[in-house]
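Remarks on the structure that follows.
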Amino acid sequence: LPEPDTLQKPTILKGEYLNKAKIAEGGKKLRKNWTSTWVVLCSNQLLFYKESKQEAVANLKPGGKPDGVDLCGAVIEWTTEKSSRKNVIQITTSNGHEFLLQADHFPTISKWHDAIKKAADSLVKR
Ligand code: I3P
């Protein structure tokens, strides 16, 4: 299967299923809808796929185009206020999109928190 263009950027953290909810778009609040998504971290963006590459291959279809989040200027923080769930991080992009990412397994989400924060911070310092 051909690689989507976005996957040719250096991958920092390989795919993993996380729970995701987009809660605001351009500063406007959205109705929360948690879905499981395959998350891939590249140098300057976070990609959300419907399913992992293995599953796409197994289902004999291309992986599909991911949704991308530009991490330049994004703020990543733990939140206990935006959800009743445990282990939730919030990503606020420079254009006012807000996402929540969550995993029941704390070390899993903690690893993503640190990696996304590091990626975003490195983009700011340039
Ligand atoms: C939402 C749903 C979410 C919940 C959210 C509810 O209801 O139960 O799971 O978020 O809480 O509004 P609905 O399905 O009717 O839209 P959490 O699981 O993150 O708590 P919220 O309104 O406090 O964000």
Exercise. Among the residues of segment 65-75 satisfying the criterion of being open to solvent by 10 Å² or more (accessible area, probe 1.4 Å) and assigned to a strand (DSSP E or B), which is modelled with the highest pLDDT?
Worked result: 75
Exercise. Which ones in segment 102-126 are open to solvent by 90 Å² or more (accessible area, probe 1.4 Å) and over 13 Å from the mean Cα position of the chain (by Cα)?
Worked result: 104, 105, 106, 118, 124, 125, 126
Exercise. Has segment 49-64 got at least one residue that is open to solvent by 40 Å² or more (accessible area, probe 1.4 Å), modelled with pLDDT under 95 and in a strand (DSSP E or B)?
Worked result: no
Seminar exercise, completed: Of the residues in segment 49-97, those that are more than 14 Å from residue 39 (Cβ to Cβ) and of a type in the set (Phe, Trp, Tyr) come to 78
For this session: Take the residues in segment 82-101 that are outside any loop (DSSP other than H, G, I, E, B) and open to solvent by 20 Å² or more (accessible area, probe 1.4 Å), then tell me which one is farthest from the ligand (Cβ to nearest atom).
Result: 92
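The values are calculated or read from the model by the stated rules, or taken from the named source; none is laboratory data. Keep in mind that what you see is a predicted model, and the values were worked out from it rather than measured. Virtual Cβ from ideal backbone geometry, glycine too; neighbours counted across all protein chains shown. Side chains are part of the model used for accessible areas, which takes the heavy atoms of the whole protein and leaves out ligands, DNA and RNA. Shrake-Rupley method; radii C 1.70, N 1.55, O 1.52, S 1.80 Å.
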